[in-house]
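Each remark here refers to the structure printed beneath this line.
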Amino acid sequence: MNPLLEVKNLGISFQSESGFQRAVEGVSFHVGDGESLAIVGESGSGKSVTALALTRLLPTPPARYDSGEIFFGGEDLLRVSQKKLRSVRGGGIAYIFQEPSTSLNPVFTIRSQIAEAVRLHRPDVRDIDREIVRWLDAVGIVDPAKRMHDYPHQLSGGMQQRVMIAMALSCQPRLLVADEPTTALDVTIQAQILGELKKLRAQFGMSLILITHNFAIIRGLCDRVAVMFRGEIVEQGDSEEVLKNPKHPYTKALIDCVPKLGGGKARLKTIDHGALGG
Ligand SMILES: Nc1ncnc2c1ncn2[C@@H]1O[C@H](COP(=O)(O)OP(=O)(O)OP(=O)(O)O)[C@@H](O)[C@H]1O
Ligand SMILES: [Mg+2]
């Protein structure tokens, strides 16, 4: 059976004063139905560029799609029409980003923002308010019928991120791409939201791409992991296997950054690019 998403040999450059600079090169990975993949790598390694490229969200210019194929539902998203892309965004592949404040519109209530998403992607839904309450409840928002009338600023950062997840899920995407969804939140709230994501994924059989620079949050949440370094995937495989037995020196260095249980204070190690041949 074909995977839900299959990315082959993706290459992306950005225009700069000195010509085009490669940001992502030869990236290939796949995500099966109901499967979860983590993309891990340090800042600037090309994680977000890869994620945004999936539904061609990078503006051209400055971006340029140099090579590759992105098969989703049997079609190559790098070659489909804009109209088709608009229906895939949200409905087929939905995103949650790090900063809810950049994705939620401050002048509209939570209710009107989720309603718009539902109307766009699931025009057959009759009772939209019931649908909104259902998803807010699913992501753990207490008293959703009342809270949906709030404006984003009336909610804490953690609550806003839950609303973002509810909004993404209300479109019933087949694949959710979560780009550092909890980095801006404190550790307790991070754990709660990741727990929520795990539950929802199991409940709705959705596939997940979780982007993070932190190996610690992958455990128990993602089936497989792809490690990115300087725009390329240097290693990928079963999460437990990669965590236990990392092959690439960069993966080892990343795993060494993860605080060990009971290991006292964790120190962030500087990654020596020279030693990695880069
Ligand atoms: N709009 C842009 N214009 C020019 N270069 C860009 C643009 N967006 C990203 N890049 C470059 O592409 C490379 C990969 O960036 P990307 O945002 O994918 O990194 P990342 O792995 O998501 O990092 P972080 O963990 O900080 O989010 C970087 O070198 C970055 O400078
Ligand atoms: Mg990023």
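Data for the structure
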read-out	value
Condition broken by THR102, with the remaining ones in (1) more than 16 Å from ligand 1 (Cβ to nearest atom); (2) without any contact (Cβ under 8 Å) to a residue 12 or more places away in the chain; (3) not hydrophobic (A, V, I, L, M, F, W, C) satisfied	(1)
Cβ-Cβ under 6 Å pairs, at least 6 apart or on other chains, the stretch 203-220 side more than 27 Å from ARG134 (Cα to Cα), far side in a loop (DSSP other than H, G, I, E, B) and modelled with pLDDT under 85	PHE215/VAL258; ALA216/VAL258
Given (1) part of a helix (DSSP H, G or I); (2) surrounded by fewer than 15 Cβ atoms within 10 Å (Cβ to Cβ); (3) at pLDDT 90 or above, number of the condition VAL107 does not satisfy	(1)
Lone unmet requirement of (1) more than 16 Å from ligand 2 (Cβ to nearest atom); (2) of a type in the set (Gly, Ala, Ser); (3) farther than 26 Å from ILE217 by Cβ for GLY32	(3)
Pairs with Cβ under 9 Å, 6+ apart, first in the stretch 33-50 and closer than 11 Å to GLY231 by Cα and in a loop (DSSP other than H, G, I, E, B), second within 9 Å of ligand 2 (Cβ to nearest atom) and not charged (D, E, K, R)	GLY41/ILE211; GLY41/HIS213; GLU42/HIS213; SER43/HIS213; SER45/HIS213
Filtered residues of the stretch 51-78 (kept if of a type in the set (A, V, I, L, M), more than 16 Å from ligand 2 (Cβ to nearest atom) and either under 23 Å from ASP223 (Cβ atoms) or in a strand (DSSP E or B) (or both))	ILE70, LEU77
Residue pairs meeting the criteria (Cβ under 8 Å; at least 6 apart or on separate chains; first among the polar types (S, T, N, Q), in the stretch 244-267; second at pLDDT 70 or above)	THR251/VAL227; THR251/VAL234; THR251/GLU235; THR251/VAL242
Tally, over the stretch 175-221, of residues that are part of a loop (DSSP other than H, G, I, E, B), crowded, with 21+ Cβ neighbours inside 10 Å and modelled with pLDDT of 85 or more	2
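For every residue, the table says whether it meets (1) touching a Ser or Thr at 6+ places or on another chain (Cβ under 8 Å); (2) surrounded by 15 or more Cβ atoms within 10 Å (Cβ to Cβ).
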position	(1), (2)
GLU35	yes, yes
SER43	no, no
LEU54	no, yes
PRO61	no, no
ASP66	yes, yes
GLY74	no, no
VAL80	no, yes
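So that you can scan it fast, the table gives a plain yes or no per residue for (1) within 17 Å of LYS199 (Cα to Cα); (2) under 24 Å from the mean Cα position of the chain (by Cα):
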| site | (1), (2) |
| --- | --- |
| SER101 | no, yes |
| GLN113 | no, yes |
| GLY140 | yes, yes |
| TYR151 | no, no |
| GLN154 | no, no |
| ALA168 | yes, yes |
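The values are calculated or read from the model by the stated rules, or taken from the named source; none is laboratory data. Because the structure is predicted, anything quoted here is derived from the model rather than measured. For neighbour counting, all protein chains shown are included, and Cβ atoms are generated from backbone atoms with ideal geometry for every residue, glycine included.
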